[in-house]
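The values are calculated or read from the model by the stated rules, or taken from the named source; none is laboratory data. Just so it is clear, the model here is predicted, and its values are computed rather than measured. Every residue, glycine as well, gets a Cβ built from its backbone with ideal geometry; the counts of neighbours run over all protein chains shown.
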Amino acid sequence: MIQNMNKPSSKNNYQTGQLFDDVLFSADENDPAQRGKKITYRVRKLYEIPIERMQTDANQPRHFFDSQKLNNLAESILEKGVLQPVLFRVENGKPILVAGERRFRAARQAGLKHIPAVCVEGDASVISLIENIQREDLNPIEEAEAVAKLIQKHHYQTKDLILLLGKAKSTISEIKKVNELPGEIKNECRNSNEWSRNVLVEIAKQPTKEQMLALFRKVKEQGLKSSEVRAITRKRKQGRDTTTLMLNKITAVKKSFKKIDLSELQNEKRESFKRELVNLREEINVLLQQFDSTMQ
């Protein structure tokens with residue numbers, strides 16, 4: 001991630017970060033110094049590229065751009081300039097945007113003719129994802145789908161993603177969990193920043209697609225916050241855990257009954273044993289009646 005970029009007062013006073021060398025080149029074919037020359041881009045060099053020349057990449061992980069935030073950034077750029085260069089790669093001699101599309105769009109909206117940009121090499125999808133995640137520019141669905149593409153393309157494991165993205169193991173697990181949401185939920189959340197990753201993770205933890213959709217509808221209708229959604233899911237989980245515990249106890253009793261050998265019972269204990277069995281049968285009958293009444 002490029003840091004500490006100040007507003008330029010001339011073409012040669014950009015303060016640079018670690019991704020590029022401290023030289024600014026013009027990539028404007030109309031620049032008298034470049035006229036008649038073929039522009040050759042070099043990695044780690046900082047360029048001033050005409051906005052109309054820069055091409056966007058359809059495979060970038062980010063697809064949703066909040067219009068209000070874009071307007072605010074455009075106003076900031078009008079006042080202070082582009083404080084941080086975008087990143088681009090070269091394909092067939094043309095600059096293709098790798099990271100910084102929101103800055104690029106805002107600069108174009110602000111009416112700028114050029115934008116500072118650094119030439120990079122390597123896997124564009126990895127570079128773009130890292131830059132966007134570090135800047136927290138992706139919504140949870142874009143983030144999850146971008147990580148899924150990296151896993152599919154490069155066969156990354158969790159330990160690889162931890163090093164690559166600089167995220168904790170729990171965070172990587174949450175990002176991957178979001179990608180388990182049904183397509184209906186993903187499509188609605190992809191173009192919105194309304195729902196946080198925490199909320200979507202709680203929804204994705206539901207055991208079935210139908211339960212995920214039902215909880216998502218409840219979140220939308222009631223405007224639930226992440227803490228409220230978590231309270232609902234924990235209550236459900238506790239209910240499931242209680243049911244599981246009771247079933248396990250019944251199973252254990254059944255197994256123990258199968259091991260009983262009546263021939264081994266002492267004569268003086270037989271009546272007591274039979275009496276306890278009758279009492280147990282009566283209690284089971286009461287439970288069955290209660291169970292039947294709740295099902296009606």
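If you check 213, 200 for being in contact (Cβ under 8 Å) with a residue 60 or more places away in the chain and either assigned to a helix (DSSP H, G or I) or not hydroxyl-bearing (Ser, Thr, Tyr) (or both), only one passes: 200. Please find, within the stretch 146-171, the residue that is surrounded by the fewest Cβ atoms within 10 Å (Cβ to Cβ) out of those that are within 16 Å of residue 124 (Cα to Cα) and β-branched (Val, Ile, Thr). Checking each candidate, the answer is 151.
Conditions tested, residue by residue: (1) more than 26 Å from residue 144 (Cα to Cα); (2) without any contact (Cβ under 8 Å) to a residue 24 or more places away in the chain; (3) among the aliphatic types (A, V, I, L, M).
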| site | (1), (2), (3) |
| --- | --- |
| 60 | no, no, no |
| 66 | no, no, no |
| 87 | no, no, yes |
| 93 | yes, no, no |
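Tell me, please, whether a residue that is over 29 Å from the mean Cα position of the chain (by Cα), at pLDDT 90 or above and surrounded by fewer than 14 Cβ atoms within 10 Å (Cβ to Cβ) can be found in the stretch 51-70. Looking for residues that are over 29 Å from the mean Cα position of the chain (by Cα), at pLDDT 90 or above and surrounded by fewer than 14 Cβ atoms within 10 Å (Cβ to Cβ), one finds at least one in the stretch 51-70, hence yes.
Only residues that are modelled with pLDDT of 90 or more, farther than 27 Å from residue 70 by Cα and not acidic (Asp, Glu) were counted in the stretch 160-179, giving 8. Does residue 181 fit the bill of being part of a loop (DSSP other than H, G, I, E, B) and among the aliphatic types (A, V, I, L, M)? Spelling it out, residue 181 is indeed part of a loop (DSSP other than H, G, I, E, B) and among the aliphatic types (A, V, I, L, M).
Quick check: is even one residue across the stretch 88-95 outside any loop (DSSP other than H, G, I, E, B) and among the β-branched types (Val, Ile, Thr)? There is at least one residue in the stretch 88-95 that is outside any loop (DSSP other than H, G, I, E, B) and among the β-branched types (Val, Ile, Thr).
Taking the criterion of being within 22 Å of residue 49 (Cβ to Cβ), among the small types (Gly, Ala, Ser) and in a helix (DSSP H, G or I), the residues of the stretch 112-161 that qualify are 124, 125, 128.
Among the listed residues 291, 257, which satisfies the condition of being at pLDDT below 85, farther than 30 Å from residue 214 by Cβ and in a helix (DSSP H, G or I)?
So the residue among 291, 257 that is at pLDDT below 85, farther than 30 Å from residue 214 by Cβ and in a helix (DSSP H, G or I) is 257.
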